[in-house]
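Encoded as structure tokens, the structure appears first; notes follow it.
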Amino acid sequence: MITSSPLQKLMPVLARSLKPSVSATQIEYLNEPCIKVNENDEILGEISKVDCHKSDTVTLHRAFSVFIFNPEKKLLLQKRAASKITFPNLWTNSCCSHPLYNDQESDQSKEFIGVRRAARRKVEHELGIKELGLETMNVMGSGSLVLNPDEVSDTRFVDQKELDDMIHKENFLFSPWFTLFYKHKWLHQWWNNLGSLQTYKELEKIHHLT
């Protein structure tokens, strides 16, 4: 589990009026019930998506990031749609979102199976991928992506050098959470050990990042 300190470094300010490009669907998503947690990832209750991210109510809450690799070991990146309220038009990992505060996605048994259920839900919603194995979270097989234009404006598969080049070019802007995965070397560690990821699980450890 990963948290940041101070949390505001990762969160946008939503106090200003919404942009004209924001869709009605994205506004509806602000009412989604997220999982409020403390710094030990202990569930404190329900909090709306908008209250998680507003500058005056910003709160620790559960989120997840999915990294999808193709058979050539290239990572799938997505560019967040312009209609997104939080971090529009930024490049990031394959899929990132929040588990919901309900019995299915708050379930912490079986190595946080609730978060994996949430990941499967959002990967299908954003990318149209339905073959995500719940137990292993491996993408089984290959096929065409079906992008949800309200969530994703572009995608590309990259190798490690291509990603390094993108990170260091000014015309490619990345989400803050993806930047942390890159900065702290977790992404490259996982990338170089795709056949033995079980070795690098840290389900009980909390990282406080800056």
Ranked output for segments 34-47, 105-118 by mean other Cβ atoms within 10 Å, highest leading, reads 105-118, 34-47
Quick calc: nm separation of the 7 Å Cα→Cβ label points for Asp107 and Glu202 -> 2.7
Checked against a 28 Å limit on the C-alpha separation, the offending pairs among Lys36/Lys84; Lys110/Lys161; Lys79/Lys130; Lys130/Lys205; Lys36/Lys205 are Lys110/Lys161; Lys130/Lys205
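For segment 64-195, compute Rg over Rh where Rg is the Cα radius of gyration and Rh is the Kirkwood radius from the inverse mean 1/r over Cα pairs. Present the calculation step by step, with values, prior to reporting the outcome.
Numbers: Rg = 14.6 Å, Rh = 15.4 Å.
Using only Cα positions, Rg/Rh for segment 64-195 is 0.95.
Every number in this text was worked out from the coordinates using simple rules, so none of it is lab data. Being a predicted model, the structure only gives us computed values, none of them experimental. Note that each Cβ is placed from the backbone with ideal geometry, even for glycine, and that neighbours are counted across all protein chains shown.
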